[in-house]
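Asks: Input: one structure, supplied below.
The values are calculated or read from the model by the stated rules, or taken from the named source; none is laboratory data. Quick caveat: nothing in here was measured; it's all calculated off a predicted structure. Here the Cβ positions follow ideal geometry from the backbone for every residue, glycine too, while neighbour counts run over all protein chains shown. Ligands, DNA and RNA are stripped out before the accessible areas are found, and what is left, the full protein with its side chains, is counted by its heavy atoms. Shrake-Rupley method; radii C 1.70, N 1.55, O 1.52, S 1.80 Å.
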Amino acid sequence: MAKIKCPFKASEIPEGGAKCIELEGKKIAIFCYKGAYYALDDTCPHEGGPLSEGFLEEGEVECPWHGARFSLKTGDVLCGPATKGVTAYHCQKIGEDLEVEI
């Protein structure tokens with residue numbers, strides 16, 4: 001696994017917001033929730049909805065297309081229609097930088 005520095009600063013993601021980036025050929029959504037940063041595959045396994053455009057609540061992200069919900073910490077599916085989770089990546093804030101372990 002490699003730690004990759006994101007091309008933007010942590011402050012560019014507002015509280016309760018997200019940003020989609022491509023790292024190592026993967027679309028990854030980085031979320032800021034209650035001051036912590038989380039990274040998940042951006043593509044919902046149900047029909048490909050962009051999780052980075054989803055709604056954050058209670059430590060979960062809801063897919064904007066059909067409402068499937070995923071844990072920000074683990075990527076586990078918590079509510080259908082998706083039947084499988086997404087990959088969660090370790091995300092760390094170092095100063096103003098964010099690193100994602102791929």
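Asks: Among residues belonging to the stretch 4-13 that are in contact (Cβ under 8 Å) with a residue 40 or more places away in the chain and farther than 18 Å from Lys73 by Cα, point out the one that is surrounded by the fewest Cβ atoms within 10 Å (Cβ to Cβ).
Replies: Ser11
Asks: Which one is most open to solvent (accessible area, probe 1.4 Å) among residues in the stretch 84-102 that are of a type outside the set (A, V, I, L, M), touching a residue at least 24 places away in the same chain (Cβ under 8 Å) and part of a loop (DSSP other than H, G, I, E, B)?
Replies: Quick first cut of the stretch 84-102, residues of a type outside the set (A, V, I, L, M) only: 84-85, 87, 89-93, 95-97, 99, 101.
Add one more test, that the residue is touching a residue at least 24 places away in the same chain (Cβ under 8 Å), and what stays is 84-85, 87, 89-93, 96-97, 99, 101.
The next check asks that each one be part of a loop (DSSP other than H, G, I, E, B); those that pass are 84-85, 87, 96.
Details: Lys84: 128, Gly85: 34, Thr87: 66, Glu96: 79 Å².
The qualifying residue most open to solvent (accessible area, probe 1.4 Å) is Lys84.
Asks: So which residues in the stretch 59-83 are under 11 Å from the mean Cα position of the chain (by Cα) and hydroxyl-bearing (Ser, Thr, Tyr)?
Replies: Answer for the stretch 59-83, where residues must be under 11 Å from the mean Cα position of the chain (by Cα) and hydroxyl-bearing (Ser, Thr, Tyr): Ser71, Thr74.
Asks: Show the residue pairs that are 6+ apart or on different chains and have beta-carbon atoms under 9 Å apart, the first residue being within the stretch 27-51 and farther than 11 Å from Gly16 by Cα and of a type in the set (S, T, N, Q), the second being open to solvent by less than 10 Å² (accessible area, probe 1.4 Å) and not in a loop (DSSP other than H, G, I, E, B).
Replies: Cβ pairs passing all conditions: Thr43/Ala29; Thr43/Leu51.
Asks: Quick one: which strands (runs of 3 or more DSSP E) sit completely within the stretch 14-83 and have at least 2 residues that are among the aliphatic types (A, V, I, L, M), open to solvent by less than 20 Å² (accessible area, probe 1.4 Å) and at pLDDT 95 or above? Explain how you work it out, then say what you get.
Replies: Working: elements: 18-23, 26-33, 36-41, 55-57, 60-62, 69-71, 77-79.
By residue number, 26-33, 36-41.
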